[in-house]
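The values are calculated or read from the model by the stated rules, or taken from the named source; none is laboratory data. Bear in mind that the values here come from a model prediction, so they are computed numbers and not experimental data. Cβ coordinates were reconstructed from backbone atoms using ideal geometry, including for glycine residues, and neighbour counts include every protein chain displayed. For the accessible areas, the whole protein counts, side chains as well, though only heavy atoms, and no ligand, DNA or RNA atoms are used. Shrake-Rupley method; radii C 1.70, N 1.55, O 1.52, S 1.80 Å.
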Amino acid sequence: MNKEHFLIELKIYLKPLSPQHQAAVLEKYDTLFEERTAAGEAEEQIAKSLGKPRSIAEEILKEFGIDIPEKKLTRDGWQEIPSSEEYDEYTEFEKFVSEHPYKEELFDTRPPEKIGMRVFKSCALLAFDFLFMIWMFVAFAAVVFSCWIAAIVLVLSPILGTYSLIVGFNDAGLFQLFFTIFLSGIGIIGVVILLPLTRLFFSSLKNYIKWHGKVFRGRA
């Protein structure tokens, strides 16, 4: 089961929740997949370690006081899952705000910050970005880009060694060919190392941008 299949199945079983709460849970697991894939794990491995989407949904719904009904199949074989309207007696979520374990992620009960504080935080964050973070991201991106160029050149270096051997077959040309094959091996190792680093860079950049959105909305 890959990430897309996992999230679709989880969304199906979370149908008794409101759309906002479904989105919050799905975003949490989507972020979890991104972070672990950036660390080098396969999507199938992550899904297997998390467990079955139905079991996860059952635990979440129990925390809301909602019980998943037994499987009920329609004539065409699809499973019927009641919508949130059929759980009106359970959907007074306000009473769970103060004690629910998913409060920080599923509920945002804080009123928006005053406009003056939001402007101050936004200006401070933009100044911090301009003085430090932008240059750090640019420097890291430049290093990664340069390493990718070097790795690709090393991987393709046997082409030059083969050309030298064809132009002039001698001991020097043969040595150059074997040396470029050695360099190609180093380049392949570099590519293997750069792949997770590149995914980590883009994942970190995405999360940092999301944090900016929370600050600008007065929710951070």
Which one of the conditions (1) assigned to a helix (DSSP H, G or I); (2) more than 14 Å from the chain's Cα centre (by Cα) does residue 15 fail to meet, given that it meets all the rest? (1)
Out of segment 40-52, which residues are touching a Ser or Thr at 6+ places or on another chain (Cβ under 9 Å) and open to solvent by less than 10 Å² (accessible area, probe 1.4 Å)? 46
Only unsatisfied item for residue 55, checking (1) assigned to a helix (DSSP H, G or I); (2) open to solvent by 30 Å² or more (accessible area, probe 1.4 Å); (3) of a type outside the set (Lys, Arg); (4) touching a residue at least 24 places away in the same chain (Cβ under 8 Å), is (4)
Report, by residue number, each residue of segment 1-54 that is within 20 Å of residue 201 (Cβ to Cβ) and of a type outside the set (A, V, I, L, M, F, W, C). 3, 30, 31, 34, 35, 36, 37, 40, 41, 43
Count of segment 14-23 residues which are open to solvent by less than 30 Å² (accessible area, probe 1.4 Å) and not aliphatic (A, V, I, L, M): 4
In segment 151-160, the residues that are open to solvent by less than 80 Å² (accessible area, probe 1.4 Å) and over 15 Å from residue 197 (Cα atoms): 154, 155, 157, 158
Kindly indicate whether any position in segment 114-137 is under 21 Å from residue 196 (Cβ atoms) and either open to solvent by less than 90 Å² (accessible area, probe 1.4 Å) or at pLDDT 85 or above (or both). yes
